[in-house]
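To start, the structure itself, in structure tokens.
The values are calculated or read from the model by the stated rules, or taken from the named source; none is laboratory data. These figures come from a predicted structure and were not determined experimentally. Cβ placement follows ideal geometry from the backbone for every residue including glycine, while neighbour counts extend to all protein chains displayed. To get the accessible areas, we keep the full protein, side chains included, count just its heavy atoms, and leave off ligands, DNA and RNA. Shrake-Rupley method; radii C 1.70, N 1.55, O 1.52, S 1.80 Å.
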Amino acid sequence: MDFSLLNNLIDPAILFFFFGLLAASVRSNLEIPAPIAKFFSLYLLIAIGFKGGVALSTSGFTSTAMIGIGAALLMALLVPAYSFLILRNRTNPYNAAAIAATYGSISAVTFIAAQQYLTKNEVDFGGYMTVAMVLMESPAIIMAVLLATLVRKKETFNPAHSVGAAAVSQNKPISLKEVLHEAFTDGAHLLLIGSLVIGFITGPAGKEMMAPFTSEIFKGILAFFLLEMGLLVARQLRQSKDLDKTLVSFALIMPMVNAGVAVTLAYTLGMSQGDTLLLAVLAASGSYIVVPAICRYAIPEAKPGVYFSMSLAFTFPFNIVVGIPLYYTIIDVLWN
Amino acid sequence: MDFSLLNNLIDPAILFFFFGLLAASVRSNLEIPAPIAKFFSLYLLIAIGFKGGVALSTSGFTSTAMIGIGAALLMALLVPAYSFLILRNRTNPYNAAAIAATYGSISAVTFIAAQQYLTKNEVDFGGYMTVAMVLMESPAIIMAVLLATLVRKKETFNPAHSVGAAAVSQNKPISLKEVLHEAFTDGAHLLLIGSLVIGFITGPAGKEMMAPFTSEIFKGILAFFLLEMGLLVARQLRQSKDLDKTLVSFALIMPMVNAGVAVTLAYTLGMSQGDTLLLAVLAASGSYIVVPAICRYAIPEAKPGVYFSMSLAFTFPFNIVVGIPLYYTIIDVLWN
Amino acid sequence: MDFSLLNNLIDPAILFFFFGLLAASVRSNLEIPAPIAKFFSLYLLIAIGFKGGVALSTSGFTSTAMIGIGAALLMALLVPAYSFLILRNRTNPYNAAAIAATYGSISAVTFIAAQQYLTKNEVDFGGYMTVAMVLMESPAIIMAVLLATLVRKKETFNPAHSVGAAAVSQNKPISLKEVLHEAFTDGAHLLLIGSLVIGFITGPAGKEMMAPFTSEIFKGILAFFLLEMGLLVARQLRQSKDLDKTLVSFALIMPMVNAGVAVTLAYTLGMSQGDTLLLAVLAASGSYIVVPAICRYAIPEAKPGVYFSMSLAFTFPFNIVVGIPLYYTIIDVLWN
Amino acid sequence: MKPVKRVEFIIDSLMVETLLESLSEINITSYTVIREAYGSGERGVRGGDIFSGAFDNSYVLIACTEDESKQIIETVRPVLKNLGGMCLVSDAQWVLH
Amino acid sequence: MKPVKRVEFIIDSLMVETLLESLSEINITSYTVIREAYGSGERGVRGGDIFSGAFDNSYVLIACTEDESKQIIETVRPVLKNLGGMCLVSDAQWVLH
Amino acid sequence: MKPVKRVEFIIDSLMVETLLESLSEINITSYTVIREAYGSGERGVRGGDIFSGAFDNSYVLIACTEDESKQIIETVRPVLKNLGGMCLVSDAQWVLH
Ligand SMILES: Nc1ncnc2c1ncn2[C@@H]1O[C@H](COP(=O)(O)O)[C@@H](O)[C@H]1O
Ligand SMILES: Nc1ncnc2c1ncn2[C@@H]1O[C@H](COP(=O)(O)O)[C@@H](O)[C@H]1O
Ligand SMILES: Nc1ncnc2c1ncn2[C@@H]1O[C@H](COP(=O)(O)O)[C@@H](O)[C@H]1O
Ligand code: NA
Ligand code: NA
Ligand code: NA
């Protein structure tokens, strides 16, 4: 077993990600039609959810599962909390709240890449970690909305500070109930839950029927999707040239901090190496699908360009290229 | 073998259908991009046609095949005839004609679900039933157009009754020739025929080449497609709140009547259990692709919303969830 | 082994091509959604490139490989040169230059069909022929641009001849540098190169991971794509009714001439039967993706309708249906 | 800049090809089409679903002279009458190039 | 031909369904929608990427009377205020059929 | 409501990105794009097929002041000249929000 950076990089799917980066940076007209990219994204959610559900149906909700899930939930509360504290005075407080939600939540593709990494290196991991992933989406969003409400309350006392934002917020701020509805009915989120449940119900019999679709062609579709992600990241990078240095640093350093906290927690709880990598990656990754979609309504005062770019253009490639092998190398040293 | 309702329901593809229903009813923003859904629909037609053709190339046109096809053709004439008689005085006669066509024709996805059900329960069926399905599309349409022409003739003598409709119909009614052209060149219909013929020509050798695509990933794509169908059915249900009680009853009761007639016919003709279920499902299902597409031109006086909703929002889910296992349970009792 | 025409035609993928031709000619409303067709086209490029790269990684750059690649490059220079000389006085010289580029370059789908033909008849061929294909794209384009520049220079001395064209060309003609950029960054071209390189890097290990996607479902997707090609060719044929007789003859005769030159060259160089067929097909086919896309900018004076139609509506189906088996029959006679 | 009529219509996607052929017979060969519009009108909701394009609308835009606009209207009107849709005419300035 | 107002607006795709429902409450049930527009405005670039339609705009076109146009504007304005977008009103001639 | 110019143009999809960059240099950063339009004009049929977007048109809509509209036209005109397309300018009312 060779957990070196290179070993991760020669995975064809990862190479297609690099190729996408390259193609977009030489300004090629290569593009994946949007409906196809959306389909791939739905496919990955179904496949990952379904496989997680099937795994869970064989293992059951053991105490190991509960610990993994509990640890993930804890991270989903911790990360936005300290992220907000760190950013509060370094950027617009609404942006801070939205960024906190972004990093408290997760990136499914990063999670998938970590699973692929583990599979390739023949390291086991539990199906319940997919449950953990699903459960990490919402707490971060709720926390962020609460934080934003807090900020709004303060602003009203001190209206001189940010007239524009206050004006927006006076304009019927969206209620927590609405936010919760949006969070739970969000397509990506719901599809993940649905597939997980279906996988759980149908178990190994269902798996056998679905395997050629959900497992065998998975790698190929992942490669195609990562190609699109590469194109997208490169374009997003171009658009975010004027992103604040502080925020770029945050997007590159926080993944390591969050992964560090997660690894420490997992070590204390006696989690397995595989589960620990997944927990680290969940903590380290930021959402660029569900959370930005919801924050636009929930925290309209924040700039979508900012948190979306941070998570997609910086944190995502960082985790894919450097993060996953780095975290695992550290875990491997600590555990042995 | 357990032909209970539950056994049918825990098929992952059927579960995705329920999940789609649920997602749309909680007003999730989950959606399958339209081009993808169209692709799935083309894929299913190709796969089902091709497999039917291959099966036919090995079995040949035996007398069993001829009986199955003949029975189907008979149903395609009977169903629209008595449907029209039943509805004529209960709704607008143009609508009655269009509904007759809708129920005389078939739903390919319901047929596929029935095949999946049989396969799962290890019951054999003939490739010629796919030919039967193909042949059932057109007679219903032709009958409906003739019925509508009849209605139009009557109206001209009695113009006071329905001014609007008469006004439309005076406006160059489409000729039977044009209708036949539309019916035979309709994409879905033609693709089914084409794939059937190609399957027949290439036989088992062709099957081997195509199997990973047309057979192995079939279940997964069906699951995806049924998810979309679930979303669509739920949305259609919402839009058809104001649908006439009579028509809703028709959409839920007629499938059982039609299946009953089909089962009786098949029993008399000594058809096998598998073929009988398929015949029953062909009779019981209503078209929501080909027929609505053609009726809009052929019977412009009828409201597409009505017959489309009946067949998609009521009959389709009824057959998928209740009909298939119900019909089979009855067949199983009768045949043993 | 039976290398007859019929044997090629009963391939399901080829039959779907005929079916597409037929469906469009009876004016069916059958259509593959554009994003799906684009996806198939990207898929085929990835699959073919990747497989070529993997093959190359096992064989290495042997002298056999070098000979195959060299022969291809030679053809990429020869074909546009003599094509231009032939057409120069028979049509508008700008069109002549663009047509020269079209035929100097290649059609990836024709190449794929030839590979399928070889595989079916159990004839070997080298992965380096994919490299040869990639390398044939650009020289033709460059030559055409140089030819067009030459024509433009002449025109300036003799402005009376073609006022319109001169007017266009005075209007900032695109530089060779820009053309090269367009040619190398063109999506299709780049994707082929990228996949080739990725296949080369990941080798057999990568192949194993990707095989269900890039190899197993390949035939099915090719069938789907050829269906779309059939629809497209038939529609293009309809639109090109007024195409010059000379150009139609060129589109049908030149493939055989080019294949003849290629076969002679291959024979002289002692290439294998499989490689020779591929070389012949590369020489005989015309581009309808990359070159037309680039010529619109590079030679705006030429009419896209002309060269695009010649290559798509005439040469493509000719090669698929008649060319491939014909060339192989000749090769088989010569080599044995 | 030259004043033109801006004719836009929404019709059933299946009719677009036929209609464009009719237009080319009266020498109207310049147009732009956007597929996959959906909508609602007198005949209820149309499009937005997947079924074979049968319920999809297309949006067609033609910039032309006033005379041409009248001819276009006469060609489009029967289609609108039979299968629904709408047609708007407005004024615009064509940028010469 | 009858003079009408041509109301067109660009809004977040996710709001289209809700908005059309609000419009139907004030009896505006005729419209045409083109999905998958993307663009840029005060709130930066929006759409063109794949993520769950969240950043996509839709283009909505409604031909209506002047009175209706005012009602539509009142319904659309708060959505524009909250989530961005734009709304234009111009004059056109409706082709009777 | 404030009177604006409604500039719309159809250009080759491959030029959209470049053109939008040129426009942003003259401070025009608000626009809406609809991809996958196809059509026909002086240069024959364009788009509707699959090939790498090379033959696809895009529809671009910009609401702006009269001065801005002139600048836009100057930026778009050379593209239209070289690669075809069309550009229309009309009047509209912008709904303030
Ligand atoms: N007033 C209108 N404004 C915008 N689009 C309309 C209007 N009326 C009809 N349409 C479009 O035309 C299609 C057919 O209209 P109809 O024949 O009235 O059902 C609808 O699905 C809409 O897309
Ligand atoms: N002046 C304009 N012209 C054309 N489209 C616009 C304009 N302003 C805004 N839009 C569209 O409305 C969307 C939201 O605008 P905004 O709220 O200004 O960010 C943009 O993404 C554009 O698609
Ligand atoms: N008069 C017109 N009306 C509508 N669209 C047009 C018109 N002229 C050109 N176009 C559009 O612009 C594209 C290029 O036009 P052209 O350069 O004239 O070939 C066409 O493919 C059409 O989509
Ligand atoms: Na996280
Ligand atoms: Na039926
Ligand atoms: Na060639």
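Tabulated data
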| read-out | value |
| --- | --- |
| Projected-area mean, chain A, by convex hull of Cα positions, square nanometres | 17.0 |
| Per-residue average of Cβ from other chains inside 10 Å of B:85-91 | 0 |
| Acute angle (nearest 10 degrees) that the helix B:93-104 long axis makes with the longest principal axis of chain B, alpha-carbon atoms | 10 |
| Shortest-first nm distances, A:S63 label point to equivalent points in other copies (7 Å, Cα→Cβ) | 7.1, 7.2 |
| Interface area, A with B, accessible, probe 1.4 Å, both sides summed, Å² nearest 100 | 2200 |
| Exercise: per-residue mean of other protein chain Cβ atoms within 10 Å, F:73-81 | 3 |
| Helical contribution to [θ] at 222 nm, DSSP H n ≥ 4, -39,500 (n - 2.57), averaged over chain B, rounded to 500 | -25000 deg cm²/dmol |
| Mean projected area (nm²) of the alpha-carbon convex hull when region C:24-169 is viewed from all directions | 12.9 |
| For the protein assembly as shown, size of Cβ-based charge dipole, Lys and Arg +1, Asp and Glu -1, in debye | 1660 |
| Label distances, nm, C:E208 versus same residue in remaining copies, Cβ-directed 7 Å point | 2.5, 2.5 |
| Helical mean residue ellipticity (222 nm; -39500 (n - 2.57) per DSSP H run of 4+; nearest 500) of chain F | -10500 deg cm²/dmol |
| Candidate lysines - alpha carbon under 17 Å from A:K51, same-chain residues fewer than 8 apart omitted | A:K120, A:K207, A:K219, B:K219 |
| Equivalent-ellipsoid semi-axes of region E:2-94, from the Cα gyration tensor, Å, largest first | 23, 13, 12 |
| Cβ charges +1 (Lys, Arg) and -1 (Asp, Glu), total dipole of chain B, debye | 980 |
| E:R77 accessible area, assembled protein chains, probe 1.4 Å, Å² | 70 |
| Shielding by other protein chains, C:186-195, mean Cβ within 10 Å | 6 |
| Distance between region A:38-97 and region B:304-332 - C-alpha centres, whole angstrom | 40 |
| Charge sum, other residues only, whose C-beta stays under 11 Å from C:Q273's C-beta, Lys/Arg counted +1 and Asp/Glu -1 | -3 |
| Residue-normalised accessible area of chain B, expressed per residue, 1.4 Å probe, Å² | 35 |
| Solvent-accessible area per residue for region D:2-94 (1.4 angstrom probe, square angstrom) | 37 |
| Area hidden from solvent between B and E (accessible, protein heavy atoms only, 1.4 Å, total, Å²) | 300 |
| Principal-axis tilt of helix D:13-25 within chain D, Cα atoms, nearest 10 degrees | 30 |
| Chain lengthening between B:K177 and B:F61 when straightened (0.36 nm per residue, less Cα-Cα) | 38.8 nm |
| Kirkwood estimate for region C:166-291, i.e. one over the average of 1/r between Cα atoms, Å | 18.7 |
| Charge-dipole axis of the protein assembly as shown as Lys and Arg at +1 and Asp and Glu at -1 on Cβ define it, positive-most pick from A:I10, E:F9, C:S57 | E:F9 |
| Distances in nm from D:R43 to the matching label points in the other copies, shortest first (labels 7 Å along Cα to Cβ) | 3.6, 3.6 |
| Nearest 10 degrees, 0 to 90: helix A:176-185 Cα axis against chain A principal axis | 30 |
| Interface size F-E, as summed buried accessible area [1.4 Å probe, Å², nearest 100] | 1800 |
| Accessible surface of region D:2-94, 1.4 Å probe, proportion on carbon and sulfur as whole % | 48 |
| Lysines whose Cα lies under 16 Å from that of A:K241, excluding same-chain neighbours fewer than 8 positions away | A:K303 |
| Protein accessible area in chain A, 1.4 Å probe - carbon and sulfur % | 67 |
| Chain B, rotation onto A, residue closest to that axis via Cβ, with its distance in Å | B:P35, 3 |
| When the protein assembly as shown is reduced to its Cα atoms, the Kirkwood hydrodynamic radius in Å | 32.5 |
